[in-house]
1. Kindly indicate the residue of segment 118-151 that is assigned to a strand (DSSP E or B) and surrounded by 21 or more Cβ atoms within 10 Å (Cβ to Cβ) and also farthest from the chain's Cα centre (by Cα) among those meeting that condition.
2. Please specify each residue of segment 96-117 satisfying the condition of being touching a helix residue (DSSP H, G or I) at 6+ places or on another chain (Cβ under 8 Å), surrounded by 14 or more Cβ atoms within 10 Å (Cβ to Cβ) and over 26 Å from LEU19 (Cβ atoms).
3. Please go through segment 80-112 and pick out each residue that is in contact with a Lys or Arg (Cβ under 9 Å, 6 or more places away or on another chain), among the hydrophobic types (A, V, I, L, M, F, W, C) and farther than 18 Å from TYR13 by Cβ.
4. Which numbered condition in (1) of a type outside the set (Phe, Trp, Tyr); (2) more than 20 Å from LEU160 (Cα to Cα); (3) in contact (Cβ under 8 Å) with a residue 40 or more places away in the chain; (4) assigned to a strand (DSSP E or B) is the only one that ARG16 fails?
5. For segment 55-79, give me the residue count where each residue is surrounded by 17 or more Cβ atoms within 10 Å (Cβ to Cβ), part of a helix (DSSP H, G or I) and not aromatic (Phe, Trp, Tyr).
6. Just wondering, is there one or more residues in segment 22-33 that are on the phi > 0 side of the Ramachandran plot, in contact (Cβ under 8 Å) with a residue 12 or more places away in the chain and loosely packed, with under 14 Cβ neighbours inside 10 Å?
Amino acid sequence: MASTPETTTVGGYELRERLGGRPPSTVVWRAVDRSTGSPVVVKQVRLTGLPSSLRDSLDCEVRFLAAVTHPNIIRLLDLIQTQSSLYLVLELCEGGDLAAYIERNGRVEERVARNFMRQIGAGLQVLRGHHIVHRDLKPENILLSSPDSNAVLKISDFGLSSFISGSEFFVPGNTQTQVVALTVAKCIFI
């Protein structure tokens with residue numbers, strides 16, 4: 001699954017290992033900030049041939065991440081644009097995603113599940129305050145700062161997100177908080 005990148009550097013970042021993505025438009029790399037030596041993640045979005053709907057979502061993702069600093073939202077560290085791609089430099093979450101955590105640990109203690117749900121709720125509150133609907137919130141898009149039960153959870157992958165007006169939050173079908181709560185609870189307690 002991991003591979004060596006064709007281009008080893010973008011801006012001040014050395015791309016080290018391909019982690020995944022949604023080919024052909026998105027590739028995610030483990031990278032290193034050459035000025036500090038800090039590990040980061042670089043999300044490469046190829047702009048060539050990207051449908052306008054995905055460009056709108058990308059614009060929403062970039063504007064939101066650039067405007068928000070919150071412990072339960074993945075942090076955008078840098079943004080680099082070339083002629084063919086946009087690179088989002090994000091904090092690295094060493095604990096992987098919530099789905100992998102649940103798979104590794106099995107049933108999660110109620111105390112841990114409560115803490116995780118509280119953190120996800122705090123992140124969703126930030127989204128709501130910025131009139132953002134994530135539209136792809138699932139355990140795979142919730143990252144853990146560390147692999148243990150004391151991890152800080154971070155909502156990530158805003159690639160399908162969109163801005164909506166305040167009144168749209170109350171339209172049936174836009175119950176993001178209820179949907180994610182049920183999805184995560186189902187994964188944790190089953």
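1. Here the residue is ILE132.
2. ALA113, MET117
3. Residues satisfying the conditions are LEU98, ALA99.
4. (3)
5. Matching residues across segment 55-79 total 6.
6. no
Okay, residues lined up against (1) out of contact with any Cys (no Cβ under 6 Å at 6 or more places or on another chain); (2) farther than 29 Å from ARG46 by Cβ; (3) at pLDDT 95 or above:
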site	(1), (2), (3)
ASP97	yes, no, yes
ARG114	yes, yes, yes
ALA122	yes, yes, yes
VAL126	yes, no, no
SER149	yes, yes, no
GLN178	yes, yes, no
THR183	yes, yes, no
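The values are calculated or read from the model by the stated rules, or taken from the named source; none is laboratory data. Not measured: the values here are computed from a predicted model. Counting neighbours? That spans all protein chains shown, and the Cβs are built from the backbone with ideal geometry, glycine included.
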